Amino acid sequence: MLIKNAKLRGKQGLWQILIQNGSFVEIAEQIAGNEEDVLDAGGKLVIPPYVEPHIHLDCVFTAGEPRWNESGTLFEGIELWAERKKMITIDDVKKRAKKAIQLQISQGIQFVRSHVDTTDPELTALKALLEVKKEVQEFVDLQLVAFPQEGILSFPRGSELLEQAVKLGADVVGAIPHYEFTREYGVESVKIAVALAEKYGKLVDIHCDEIDDPSSRFLETVAAEAQRLGLKERVSASHTTAMHSYNNPYAHKLFRLLQLAAINIISCPTENIHLQGRFDTFPKRRGMTRVKELVQSNINVAIAQDSIMDPWYPLGTNHPLRELDMCIHVCQMMGYGEIIRSLDLVTENGAKALRVEHEYGIEPGKPANLLILDAEDEFDAIRNLSCVLYSIRKGKVILKRIPAQTDMQRIS
Ligand code: FE2
């Protein structure tokens, strides 16, 4: 396949992309030869696929079951999920997860990391998603996080279930220190998760400090453990919203540790602007971690959807640009250069957090995974929340979209 008239990020002019046997072969302004299979990008922006680095596929499409979250707090969400999960079956999880993955494919996502609740003695959701992972691999790479939603030390046999989940095939180990009964349990839970990941050669992704409490400081433990054990980029901390309320001298000290540890931060803009600040009257905190300042400090930040119609978040289309739109508004990343660069937050930075860089990017030798957006450049894409015209995976078209046409009279 030869793609013609492609705009590429950071490059002037129009480019041609030659794909053979599922891989990129050459990217140049002019490629010689008569390729039969030609796709005209029409001057549109071509980028690597979107990455969704934090979603809960076991919980999707359960909002309102058994009832809606009326307080809008994380805590009511966890209580509601504890009730709903008593009803899950393999078939129920697979059906809902596949519906969400279909939605993700339609948005141009090809790499997904899903958390899966392991505070279930049967580990039903994990067993279901391990099947889904195999069944969808032609369309998306799916990583599964063993995620102890109700705690490692605060839930009966939490630690044992977590290890069992890793043995069953989870790729990543999670924890939720701010939800554990005590601060001490929280610190210990992080150490257990990181040690387990080291023991089994897995990645780490901790739900960390997703609370407005400025004294929730588990991120320092996550980063210190990542640094001490040399796991570094293999470790991610999700949410880290308490950081919005840390005093600046402490945040300054913490940033140094984050740089040394080289861990990734994953922020979930729509979820956190919705869930956080619920105990505030006014002034009301924005509830997001310091994305702008983290990015300025060269700390890898990726952004994510987190939920699609579940007990924590009632909406959700998994449109990466909608998440990005929320992020750059809430975090005030609206300088021209910031807007242009922010596309990294839903592409390259997510690939880095998932550790899939070796197969990610439009470069000769890499798998031919790409998107053609209905946009001239990054600015245009972000401003218009542009849709994906083509999603190509290993050289094969897995999505083609013809944008809706509108006929209207023109004003003079
Ligand atoms: Fe989450």
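The values are calculated or read from the model by the stated rules, or taken from the named source; none is laboratory data. Bear in mind that the values here come from a model prediction, so they are computed numbers and not experimental data. Every residue, glycine as well, gets a Cβ built from its backbone with ideal geometry; the counts of neighbours run over all protein chains shown. These area figures cover heavy atoms from the full protein model, side chains too; ligands, DNA and RNA do not enter into them. Shrake-Rupley method; radii C 1.70, N 1.55, O 1.52, S 1.80 Å.
Got at least one residue in region 63-78 being under 16 Å from VAL145 (Cα atoms), within 16 Å of the ligand (Cβ to nearest atom) and among the hydrophobic types (A, V, I, L, M, F, W, C)? Within region 63-78, not a single residue is under 16 Å from VAL145 (Cα atoms), within 16 Å of the ligand (Cβ to nearest atom) and among the hydrophobic types (A, V, I, L, M, F, W, C). Scanning region 329-370 for residues that are surrounded by 21 or more Cβ atoms within 10 Å (Cβ to Cβ) and either among the small types (Gly, Ala, Ser) or under 13 Å from the mean Cα position of the chain (by Cα) (or both) turns up SER342, LEU345, VAL346, THR347, ASN349, GLY350, ALA351, ALA353, LEU354, ALA368. Annotation: of all residues in region 263-282 being hydrophobic (A, V, I, L, M, F, W, C) and buried (at least 24 other Cβ atoms within 10 Å of the Cβ), the one that is nearest to the ligand (Cβ to nearest atom) is CYS268. Those residues that are within 16 Å of the ligand (Cβ to nearest atom) and either without any contact (Cβ under 8 Å) to a residue 40 or more places away in the chain or crowded, with 24+ Cβ neighbours inside 10 Å (or both), I need them from region 205-233; list them, please. The answer is ASP205, ILE206, HIS207, CYS208, ASP209, GLU210, SER216, PHE218, LEU219, VAL222.
The C-beta contact set for region 111-136 (first residue over 13 Å from ALA97 (Cβ atoms) and in a helix (DSSP H, G or I), second residue within 15 Å of the ligand (Cβ to nearest atom) and of a type in the set (A, V, I, L, M, F, W, C), distance under 7 angstrom, 6+ apart or interchain) is empty. When VAL46, VAL51, VAL25 are screened for being in contact (Cβ under 8 Å) with a residue 12 or more places away in the chain, within 16 Å of the ligand (Cβ to nearest atom), in a strand (DSSP E or B) and in contact with a Leu (Cβ under 9 Å, 6 or more places away or on another chain), only VAL51 passes. Evaluate region 98-109: report whether one residue or more is within 16 Å of the ligand (Cβ to nearest atom) and open to solvent by 30 Å² or more (accessible area, probe 1.4 Å). No, region 98-109 has no match at all. Of the residues that make up region 365-386, is at least one assigned by TED's automatic domain parsing to the domain that holds ILE55 and either among the aromatic types (Phe, Trp, Tyr) or modelled with pLDDT under 95 (or both)? No: region 365-386 contains no residue that is assigned by TED's automatic domain parsing to the domain that holds ILE55 and either among the aromatic types (Phe, Trp, Tyr) or modelled with pLDDT under 95 (or both). Taking first residues from region 347-370 that are basic (Lys, Arg) and partners that are modelled with pLDDT under 95, the Cβ contacts under 9 Å between residues at least 6 apart in sequence or on separate chains come to LYS366/HIS358; LYS366/GLU359. The C-beta contact set for region 292-319 (first residue touching a residue at least 12 places away in the same chain (Cβ under 8 Å), second residue among the basic types (Lys, Arg) and open to solvent by 10 Å² or more (accessible area, probe 1.4 Å), distance under 6 angstrom, 6+ apart or interchain) comprises ASN300/LYS352.
Considering only region 195-204, how many residues are crowded, with 19+ Cβ neighbours inside 10 Å and either not charged (D, E, K, R) or not assigned by TED's automatic domain parsing to the domain that holds ASP306 (or both)? Adding up the residues that qualify gives 4. Tell me which residues, restricted to region 283-298, are within 16 Å of the ligand (Cβ to nearest atom) and not aliphatic (A, V, I, L, M). Across region 283-298, the qualifying residues are GLY287, THR289. LYS253 meets the conditions (1) open to solvent by 20 Å² or more (accessible area, probe 1.4 Å); (2) within 16 Å of the ligand (Cβ to nearest atom) in every case but one. The failed one is (2).
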